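Here's the structure, in structure tokens; my notes come after.
Read-outs throughout are calculated quantities, based only on the coordinates presented, and are distinct from any laboratory measurement. Model, not experiment: these values are computed from the prediction. Methodologically, a virtual Cβ is constructed for each residue, glycine included, from the backbone with ideal geometry; neighbour enumeration extends over all protein chains shown.
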Amino acid sequence: MMRPATMLRRLTLAPDARAGGWRVAREEGPDPAAALIGLTPEAAARLAPLVFNLCGAAHAFAARSALGLPAAADAEAKGREMARETVRDHALALLHTLPVALGMAPDRAALGLLAQADTGAFHAALVGDGSDLAAFTPAELDAWLAEAPTATACVLALIRRDADPAEGRADLPELSAETLAATLARPAAAIGSHRETGALGRVAATPLLSALLASEGPSLFVRLLARLADCLAHLTPRPAPALPAGIAPAARGLLGHRADVVEGRVAAYRILSPSAWNLAPGGLLERGFAALSPGARTRWLAPLLVCAINPCVPVTLSFATEPAYA
């Protein structure tokens, strides 16, 4: 009898002093994609973003494409919708999750600007008037952090000062759309070699991130800075990108859907979220945690690393009373 497909629902990490590392517990549950089996493509496309409501616009785009339906009548409008999801996801991390993790107040004024159409004001609230963060040199970044003209700059300045670049550093090849499409076509258990996907890959070629990656690699600070750079980049309207069928750029990385339709009904459906790669056994999150120094500072650094990697499912730390990130 074939085992029903499952999906990771929660990850729990606990420091293991005896092993000098971390214990990782994976909680799996029924694969929600099973709810789409037996539906018409149109009905499945309507249901998919409701079943997977995190990054709903990206799931809707990927589902329609995978099901052979027009992905969007207006690619520019769909691209703007997915970009807004990305901005919102990064903004909540930068303006709420990170400052709270550091014992600072969330930036409610900047969060309030999310509901407004004035992207210039929101950009200024994050980095200051006229600042093109991604084009900075490392020296200009240092000056910006020293001046700390915004609450976000204050948060990043604290992390830059207190987190050694070696903490949480993990480097994996970037997941390509072609690799994702090929993996979706293989049996459900076959992920293949480790890859990572997320904000860092999207901004790695910008002048600032390129220079930092060359000098210190994908450190905890660099990954958090990449979330800010990616947030700013998505403030500019853009059409939906041309990608293989079923692939969409979600806030947390590349998202993949694959559907088999037989006689007008969905016979099989598979989804690979960014966390299928970033949270895979031996993958990005586990490698990053293995690179954290043991001791009292781990409690401070661990939630920052989870935020930097930005998983699609809750990650619980054993010394925390609440999920570190969701």
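The residue among Leu36, Ser273, Leu111 whose Cα reaches farthest toward the positive pole of the charge dipole of the chain, with charges on the beta-carbon of Lys, Arg, Asp and Glu, is Leu36.
Taking 0.36 nm per residue of separation and subtracting the Cα-Cα distance, full extension of the segment from Leu235 to Arg161 would add 23.8 nm. Once you order the gyration tensor axes a ≥ b ≥ c over the Cα atoms, which shape class does the stretch 240-297 get: rounded for a/c under 1.5, otherwise prolate or oblate by comparing a/b with b/c? Because a/c hits 1.5 or more and a/b exceeds b/c, the stretch 240-297 counts as prolate.
Measuring how big the stretch 145-300 is from its alpha-carbon positions, Rg and Dmax come out at 18.1, 63 Å.
Quickly estimate the mean residue ellipticity at 222 nm for the chain, helices only: each DSSP H run with n ≥ 4 gives -39500 (n - 2.57), and the total goes over all residues, rounded to 500. Kindly include the intermediate steps, with their values, before the conclusion.
Numbers: 15 runs with 140 residues, N = 326.
It comes out at -12500 deg cm²/dmol, rounded to the nearest 500.
Against the compact-protein benchmark of 2.2 N^0.38 Å, the Cα-based radius of gyration of the stretch 1-154 scales to 1.42. Potential lengthening of the chain between Val262 and Ala296 amounts to 6.6 nm, from the contour at 0.36 nm per residue minus the alpha-carbon distance. Considering Cα pairs under 8 angstrom that are at least six residues apart, work out the relative contact order of the chain and quote it in whole percent. This gives 26 percent for the chain.
Treating the beta-carbon of each Lys and Arg as +1 and of each Asp and Glu as -1, no other charges, what is the dipole magnitude of the stretch 1-156 about its Cα centre, to the nearest 20 debye? The dipole magnitude comes to about 860 debye. Relative to the current alpha-carbon distance between Glu216 and Val51, full extension at 0.36 nm per residue lengthens the span by 55.4 nm. Here the relative contact order of the stretch 198-319, from alpha carbon pairs under 8 Å that lie six or more residues apart, stands at 22 percent.
Charged neighbours of Ala280, selected by a Cβ distance under 9 Å, balance to 0 (K, R count +1; D, E count -1).
Specify whether the C-alpha gyration tensor of the stretch 1-91 places it in the rounded, prolate or oblate class, a ≥ b ≥ c being the square roots of the eigenvalues: rounded for a/c under 1.5, otherwise prolate if a/b is larger than b/c and oblate if not.
Oblate is the answer for the stretch 1-91, as a/c is 1.5 or above yet b/c matches or exceeds a/b.
Please work out whether the chain counts as rounded, prolate or oblate from its C-alpha gyration tensor, where a ≥ b ≥ c are the square roots of the eigenvalues and a/c under 1.5 means rounded, while otherwise a/b larger than b/c means prolate and anything else oblate? Oblate, since a/c reaches 1.5 and b/c is not below a/b. With contacts taken as Cα pairs under 8 Å at a separation of at least 6 residues, the stretch 175-251 carries a relative contact order of 42 percent.
Its Cα centre serving as origin, the stretch 6-93 has a Cβ charge dipole (Lys and Arg +1, Asp and Glu -1) of approximately 240 debye.
Quick check for me: using +1 on Lys/Arg Cβ and -1 on Asp/Glu Cβ, what's the dipole size of the chain about its Cα centre, in debye to the nearest 20?
For this selection, approximately 880 debye.
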